[in-house]
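The values are calculated or read from the model by the stated rules, or taken from the named source; none is laboratory data. Keep in mind it's a predicted model, so treat the numbers as computed, not measured. Counting neighbours? That spans all protein chains shown, and the Cβs are built from the backbone with ideal geometry, glycine included. Calculation scope for accessible area: heavy atoms of the full protein, side chains included, ligands and nucleic acids excluded. Shrake-Rupley method; radii C 1.70, N 1.55, O 1.52, S 1.80 Å.
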Amino acid sequence: MEITVTVNGTPQTHDVEPRLLLVQYIREVVGLTGTNIGCDTSSCGACSLHLNGEAVKSCTVLAVQADGQDIRTIEGMAAADGTLHPMQQAFMENHGLQCGYCTPGMVMAATSLLQENPNPTEEDVRLGLEGNLCRCTGYHNIVKSVLAAASANA
Amino acid sequence: MIPAAFDYVRAESAEEAISLIGQHGDEAKFIAGGHSLLPMMKLRLAQPSVLIDIGRLSDLSYIRDGGDHIAIGAMTRHMDVETSDLLEQHVPLLAHAAGHVGDPQVRHRGTIGGSIAHADPASDLPATTLALGATYIAQGPNGTREIAASDFYQTFFESALNADEVLTEIRVPKMNGAGWSFQKFNRRAQDWAIVGVAAWRNGDQAGVGLVNMGATPVLATSVAAAIAGGASVAEAAEQAAADADPQADLNASVEYRQHLARVLTRRALETASA
Ligand SMILES: Cc1cc2nc3c(=O)[nH]c(=O)nc-3n(C[C@H](O)[C@H](O)[C@H](O)COP(=O)(O)OP(=O)(O)OC[C@H]3O[C@@H](n4cnc5c(N)ncnc54)[C@H](O)[C@@H]3O)c2cc1C
Ligand code: FES
Ligand code: FES
């Protein structure tokens, strides 16, 4: 089936099998490998990206379900001149990553969270990221990063 | 993990979805948010040969004041139920329970209709709407019909919905200021309930729904009868497992589930009675 999606502002048209998962489409067809696959069972959040502006787990969405929709991945977060998105900057400054495997998903979930709740408490951040696991267990600094990004925005 | 191959068609209306499923028969399935169906297809626990996508039926995504009830379109996502001002005002128990489903990413995709049609006894919204005395509206080739939540759930993943019917609306009576509480017991954030309790109380009237206490969501009628008969919260909560037939699994034995149901029902009714 032919689908057209906008990925990080660029329209893309491809012929895909209906069973192709959105995360495979992004990684293998579009060629953007920043979106990681961790569990492949909707649990870890490593595959989080924005579908129409909201974080979703792209291992649990079919590419055909995204036809006609707007997708943003971690590659689309920094400005064209390379300036990091405030959330990326906050993760860098607050040591919000160790190995970095969960980081793209964390950044996408955290930016979606701040759109819905621009002034979260620490508890709001912890609950808002409950769908994202960090195998390095660096949660303390991840939460610190998100709170820093929220106050930088304010 | 990749699902078995299937054909995909997108329905533009409920009528079209019903006619498509009529054409394709048993091998076809509706997909709404896909957050119960896709995980099952990836594990090959489900292998439909045709998927009929009803996820774009945006005219089935709404939350409206229906006078004595709130009407919720089946395609309304958990996140929209959780953040609805209308529900917060008139059916706060349901808005709150929706906020306990999975995690934010799951709530951005999963729908209330999918949750109910899937009829998983471990899901939060079937037991909650059951406790609230909801009515579900189904549309089929011969028109629409109303199904009381108390008649809907048959056994694990099976409901009174016919294969060629689309669940279109969930009608939930207004709570009229009743006290309420949703208690979900799990070990890790984001997990399903090991046992959950949705409860409301208004004077001597009460409703208690149990999550993951049997093959269907359970209405704890013995608890409501005890409250109506003047029992204390502690006495009534002792009846919490009386209507349930829970199973043992990796998380909990039968006895542990029964114990949790009693403890969580007591806590829920204490809050709802305060
Ligand atoms: C990681 C994860 C965690 C979760 N945690 C929880 C949790 O804690 N609590 C909880 O309650 N749920 C949980 N869920 C499930 C979630 O609530 C699902 O969104 C919901 O159960 C199904 O809704 P859906 O729209 O995704 O349905 P789908 O997966 O699209 O469909 C489910 C079934 O219902 C049928 N169906 C769907 N809509 C209709 C309709 N309108 N008419 C007729 N048939 C229909 C489909 O054919 C399919 O058989 C979780 C899911 C995931 C992936
Ligand atoms: S890979 Fe999608 S949630 Fe883990
Ligand atoms: S930084 Fe290693 S998994 Fe999170």
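List of remarks:
- Hull-based mean projected area of chain B, where the convex hull spans the alpha carbons, in square nanometres: 13.9
- Partner lysines for A:K144 [C-alpha distance under 28 Å; skip if fewer than 8 residues away on the same chain]: A:K57, B:K184
- Solvent-accessible surface, computed for protein heavy atoms with a probe of 1.4 Å, shrinks by 50 Å² or more for the following residues of segment A:99-147 when the other protein chains are added to the isolated chain: A:E130.
- Cβ-based net charge around B:S36, under 12 Å, with every Lys or Arg adding one and every Asp or Glu removing one: +2
- Residues B:R187 and B:D151, FRET efficiency given R0 of 41 Å [Cβ-Cβ distance, rounded to 0.05]: 0.80
- Across peptide A:56-69, the mean count of Cβ atoms from other chains lying within 10 Å of each residue's own Cβ comes to 5.
- Acute angle (nearest 10 degrees) that the helix B:14-24 long axis makes with the longest principal axis of chain B, alpha-carbon atoms: 70
- Packing, as the average of other Cβ atoms within 10 Å across residues, places the peptides A:95-104, B:214-223, B:22-31 in the order B:214-223, A:95-104, B:22-31, highest first.
- Note, ³J(HN,Hα) from phi for segment B:181-189, Karplus 6.51, -1.76, 1.60, rounded to Hz, x at Gly and Pro: 7, 10, 10, 10, 9, 9, 8, 10, 3
- Given +1 at the Cβ of Lys and Arg, -1 at the Cβ of Asp and Glu and no other charges, the dipole of segment B:182-273 around its Cα centre is 320 debye to the nearest 20.
- Occluded residues from segment B:85-112, i.e. those whose accessible area drops by 20 Å² or more once the chain is not alone (1.4 Å probe): B:D103, B:P104, B:Q105, B:H108, B:R109
- Sulfur and carbon atoms: percent of accessible area, the protein assembly as shown [1.4 Å]: 47
- Helical content alone sets the calculated 222 nm signal of the protein assembly as shown at -8500 deg cm²/dmol, taking -39,500 (n - 2.57) per DSSP H segment of four or more residues and averaging over every residue.
- Neighbour cut-off at most 16 other Cβ (10 Å), DSSP loop, GluC sites (Glu not before Pro), segment B:155-216: none
- Summed over both chains, the contact between B and A buries some 2500 Å² of accessible surface at a probe radius of 1.4 Å.
- Net dipole in debye of segment B:1-81 [+1 Lys, Arg Cβ; -1 Asp, Glu Cβ; about Cα centre; nearest 20]: 420
- Partners of B:K29 within straight-line reach, counting lysines whose Cα lies under 17 Å from its Cα and excluding those fewer than 8 residues away in the same chain: B:K42.
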